[in-house]
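Colleague: Pasting a structure below so you can have a look.
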Amino acid sequence: MTLSERDLKVIWHPYTQMQTAQPPIPIIRGEGACLYDQNDKCYIDAISSWWVNIHGHAHPYIAQKVAEQLQKLEHVIFAGFTHEPAVELAERLLKILPANQAKVFYSDNGSTAVEVAIKMCLQYWHNQGLRRTKILAFKNAYHGDTFGAMAVSGRSAFTAAFDSLLFEVEFIDLPNEENISNLKSQVSNLKSDLACFIFEPLVQGAAGMIMYEAAYLDQLMAHCREEQILLIADEVFTGFGRTGKAFACEYVSVDPDIMCFSKGLTGGTMAMGLTTCAQHIYEAFLSEDRLKTLFHGHSYTANPVACSAALASLDLFLDDATDANIQRIAENHRQFALKIKDHPRIRTIRQTGTIIVMEWETGSDTSYFSSLRDRLYQCFLDAGIILRPLGNIIYILPPYCISDEQLHYIYGKIIAALEEI
Ligand SMILES: *Cc1c(COP(=O)(O)O)cnc(C)c1O
């Protein structure tokens, strides 16, 4: 039996309709931006393995640091105990995050980082005896797949089976020049109920890489701050260089109260999430009263091996060569966008940092489930490129180590697909 056949006997894959899906492709090894199958065919990982990989696959430096940590300490309960990698990671991250971030809470994926952020906000008010229980979020937001994270995400085909069980959230439009004053008054009308505002800064990833301007986010954040609404920046996707700066919040002047991280945090090596917060959030839980404790934790909270992967990834991330790569990718994307923006099959093209997005002209059929998506996906796979179109939307967000040659190969195949499909 092949590995794919064995897989289909025992495994249920994420986001996959198992009845109609193609058999999964076995990957044997990875190196740089390439993943290799059993025939040693290279697939260029143009989506960074679901947006997590930033330095390339099986990076030798991260592998070495993880191996060293594994031989020292693989795990320890994080209540009542601590360890060097967790403390060092928190110290080093707080140095590069917005200045008001003061404490780090560990968990193990992006959804849990969001759950923790939401609980911090709701209990922040609860601990002060105030009833602020509503959450503000953007339409089409995506904050994860657990129930709380799903509730603050836009309602869609993906949440339909659970909609009646999701708590009510106030959804507002993305801000722009025309609607910003209207949004501010909407917020002011709701303010006494609102505990917090959660948002993906600059780019709504899962919604189809929808981009919006930092200037209006900044205004909205400033307005929420005036109304004492806590600000949660979900940087699970945008963190660690994706948008061209280390964190998307560097594009705005207001510091969020809480931030969420995961995807790029360990360079795409291990599962890890973290939620950071400003000192006043932390202090709202300090009390002689045990009921004011943040009762949240996961078995693998602050796993030392994951922390060491994150530390190694941070070493690489802070190297000037990485920033040079990020700017190089952004420049390549800009040139490519200029080249194809007037193509009749391109409806829109947009870019933020290392993320470039093309929306294809499809006539009337624009649904996620459109057959165009499946044909494009297969066509790129055949060419040795992993791209996962969201409906008629194709995006590239590569590991930062991708070469110019690999990027231009991908651009070339996209242009060919524009002509053929
Ligand atoms: C992916 C994502 C999450 C959820 O992270 P998981 O690790 O997949 O649970 C949350 N927020 C944003 C913005 C994301 O892109």
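Colleague: Once amide H atoms are built 1.01 Å from N in the peptide plane, which residues 5 or more positions from Leu231, or in another chain, come under 5 Å H to H?
Modeller: Phe197, Asp257, Ile258
Colleague: On to the next question. Could you point to the residue in Thr275, Asn303, His343 farthest towards the positive end of region 259-357's charge dipole, with +1 and -1 charges on the Cβ of Lys/Arg and Asp/Glu respectively?
Modeller: His343
Colleague: Where does the Debye-calculated log10 I(q)/I(0) of region 98-239 sit at q = 0.11, 0.21, 0.22 Å⁻¹, using only Cα point scatterers of equal weight, no solvent?
Modeller: Values returned for q = 0.11, 0.21, 0.22 Å⁻¹ are -0.38, -1.52, -1.64.
Colleague: Among the Cys residues of the chain, which have no other cysteine Cβ under 4.7 angstrom away?
Modeller: Unpaired cysteines in the chain: Cys224, Cys249, Cys260, Cys277, Cys307, Cys379, Cys401.
Colleague: Starting from the Cα gyration tensor of region 11-99, take the square roots of the eigenvalues, sort them a ≥ b ≥ c, and report rounded, prolate or oblate (rounded when a/c is under 1.5, otherwise prolate if a/b is larger than b/c, else oblate).
Modeller: Prolate.
Colleague: Return the sequence-ordered ³J(HN,Hα) values of region 235-243 in whole Hz as given by the Karplus equation 6.51 cos²θ - 1.76 cosθ + 1.60 applied to θ = phi - 60°, using x for Gly and Pro.
Modeller: Working through the residues one at a time gives 9, 4, 8, 7, x, 6, x, 3, 8 Hz.
Colleague: Quick check: convex hull over the Cα atoms of the chain, volume per residue in Å³, rounded to an integer?
Modeller: Enclosed volume per residue, from the Cα hull, is 161 Å³.
Colleague: For region 81-142, rounded, prolate or oblate, judged on the Cα gyration tensor with a ≥ b ≥ c (square roots of eigenvalues), a/c < 1.5 rounded, else prolate if a/b > b/c?
Modeller: prolate
Colleague: With contacts defined as alpha carbon pairs under 8 Å and 6 or more residues apart, what's the relative contact order of region 282-421 in percent?
Modeller: 19 percent
Colleague: Something else now. Assuming 0.890 mPa s and 25 °C, estimate D for region 227-367 with Stokes-Einstein, Rh taken as the Kirkwood radius over Cα pairs, in µm²/s.
Modeller: Translational D for this selection: 134 µm²/s.
Colleague: Please enumerate, by chain and number, the lysines with C-alpha under 27 Å from the C-alpha of Lys9, excluding those fewer than 8 residues away in the same chain.
Modeller: Partners within reach: Lys41.
Colleague: Top mean-square fluctuation among Gly353, Gly56, Gly80, Gaussian network model of the chain, C-alpha springs under 10 Å?
Modeller: In the Gaussian network model the winner is Gly80.
Colleague: Same structure, new question: Please give every one of the lysines within straight-line cross-link reach of Lys65, meaning a C-alpha to C-alpha distance under 25 Å, and leave out same-chain neighbours fewer than 8 residues apart.
Modeller: Candidates past the 8-residue exclusion: Lys95, Lys103, Lys263.
Colleague: Okay, moving on. I want to verify a result. In a Gaussian network model of the chain, Cα cutoff 10 Å, which of these has the top mean-square fluctuation: Pro23, Pro399, Pro304?
Modeller: Among Pro23, Pro399, Pro304, the largest GNM mean-square fluctuation belongs to Pro23.
Colleague: Okay, next question. By counting other Cβ atoms within 10 Å of each Cβ, how are Asp145, Asp108, Asp234, Asp374 ranked from fewest to most?
Modeller: Ranking Asp145, Asp108, Asp234, Asp374 by Cβ neighbours within 10 Å, fewest first, gives Asp374, Asp145, Asp108, Asp234.
Colleague: Over the chain, what relative contact order in percent results from Cα pairs under 8 Å that are six or more residues apart?
Modeller: Across the chain, relative contact order equals 22 percent.
Colleague: Tell me the GluC sites (Glu not before Pro) within region 149-232 that lie in a loop according to DSSP and have at most 10 other beta-carbon atoms within 10 Å.
Modeller: Hits after loop and neighbour filter: Glu168, Glu177, Glu178.
Colleague: Still on this structure, I have one more. Once fully extended, how much extra length lies between Asp163 and Leu381, figured as 0.36 nm per residue of separation less the alpha-carbon to alpha-carbon distance?
Modeller: Result: 75.0 nm gained on full extension.
Colleague: Neighbour counts of other C-beta atoms within 10 Å: give me Trp50, Trp360 arranged from fewest to most.
Modeller: Trp50, Trp360
Colleague: Using helices alone, I'd like the mean residue ellipticity at 222 nm for the chain: each DSSP H run of four-plus residues gives -39500 (n - 2.57), total over residue count, nearest 500.
Modeller: -11500 deg cm²/dmol
Colleague: Moving on. Within 10 Å of each residue's Cβ, count the other Cβ atoms and sort Ser4, Ser48, Ser299, Ser308 from fewest upward.
Modeller: Ser299, Ser4, Ser48, Ser308
Colleague: Looking at Ile77, Met211, Leu230, which one has the Cα that reaches farthest to the positive end of the dipole of region 63-317 (charges on Cβ: Lys, Arg +1; Asp, Glu -1)?
Modeller: Ile77
Colleague: So between Arg290 and Glu74, what do we pick up on full extension, going 0.36 nm a residue minus the alpha carbon distance?
Modeller: 74.7 nm
Read the figures in this text as sums done on the coordinates, not as results from a lab. Predicted model, so just to flag it, every value in this text is computed and none were measured. Neighbour counts are summed over all protein chains in view; Cβ atoms, including those assigned to glycine, are modelled from backbone coordinates with ideal geometry.
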